[in-house]
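Reading through the structure tokens given below for one structure.
The values are calculated or read from the model by the stated rules, or taken from the named source; none is laboratory data. Computed from a predicted structure; not experimentally measured. Here the Cβ positions follow ideal geometry from the backbone for every residue, glycine too, while neighbour counts run over all protein chains shown. For the accessible areas, the whole protein counts, side chains as well, though only heavy atoms, and no ligand, DNA or RNA atoms are used. Shrake-Rupley method; radii C 1.70, N 1.55, O 1.52, S 1.80 Å.
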Amino acid sequence: MNNKEYLYIPDIKRIDGWKDIKIEISSEKLVPLSQSSSFIVKPMYYLNGIQGAINECYVRESIAHMLEQASLKLPIGYKFIIWDTWRPVEVQQSLFNDFKKVLTSKHPNTNEEELITLTQKYVALPSTDVLKPSPHLTGGSVDLSIVDEKGKLLNMGTDFDDLSNKASTRYYEVRQSDNKLNSFEKECLHNRRLLYHTLTSVGFTNYHEEWWHYDFGNQLWGKVSNNNAIYSSIYI
């Protein structure tokens, strides 16, 4: 991939109405990513003690292959670090509750309905409905970043699961258009572009509110890519 492809992250299609995307259900299995030497697997929710979290990152078979393909496009010595993929329903519920508590403290005058809507900006409502499953329950979502040849995380501008507007994938693209980037922010912009273009070049789509979240095969991917989904909920 040449450097010109990293020049700009284009507008990313919004996901309103993603639950209405048709699913042509695939029987593809889940596979563990820790079996590959191409990635660093660091299941953050397990390490942070989230109830029900597991010490592994599972994805559908096609996604494992796509991540392998994408890893070959990274600079020499760089690797993807995988933080979260398939989630049990219990974890989805714990995350939704935890994020809602944080947002309640940040927005004390917001009513319950508005808080639930705001929380869903970052965490989908837990759902086992085979026609409208939570994206991570499908094995079709990946939360990840990149480490350099020394194993150091690339600067992306926010931590994983940040709840500010800085987490939006194109945050620095917008700021750059106003000529407001300092040297650190320019570095973050470059790194987000590297992550975005490396992953989208093999077929992933990005969730526009989270620079770290990428999809394939689920309804979020279907909405952004104008395709029917192929992954519904799946269980280990």
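For LYS150, the aspartates and glutamates whose Cα falls under 18 Å of its own Cα, not counting residues fewer than eight places away in the same chain, are GLU187. Taking all Cα pairs closer than 8 Å and separated by 6 or more residues, the relative contact order of segment 1-122 comes to 23 percent. Each peptide in 89-95, 212-218, 69-75 was scored by the mean count of other Cβ atoms within 10 Å over its residues; highest first, the order is 212-218, 89-95, 69-75. With a threshold of 19 Å on the Cα-Cα distance, the over-threshold entries among LYS79/LYS180; LYS19/LYS121; LYS106/LYS180 are LYS79/LYS180; LYS106/LYS180.
Give me the percent of accessible area attributable to carbon and sulfur for segment 1-99, probe 1.4 angstrom. Kindly include the intermediate steps, with their values, before the conclusion.
Values: 2680 of 5500 Å².
Of all accessible area on segment 1-99, carbon and sulfur atoms account for 49 percent.
With a ≥ b ≥ c taken as the square roots of the eigenvalues of the C-alpha gyration tensor of the chain, please select rounded if a/c is under 1.5 and otherwise prolate if a/b is larger than b/c or oblate if it is not? Cα axes put the chain in the rounded bin. Extension gain, ASP129-LYS152: 0.36 nm per intervening residue step, less the Cα-Cα distance, totals 4.4 nm.
Of all the options LEU181, LEU125, LEU67, the one that moves most in a Gaussian network model of the chain with Cα springs shorter than 10 angstrom is LEU181. Sorting the segments 162-169, 136-143 by their mean number of nearby beta carbons within 10 angstrom, highest to lowest, gives 136-143, 162-169.
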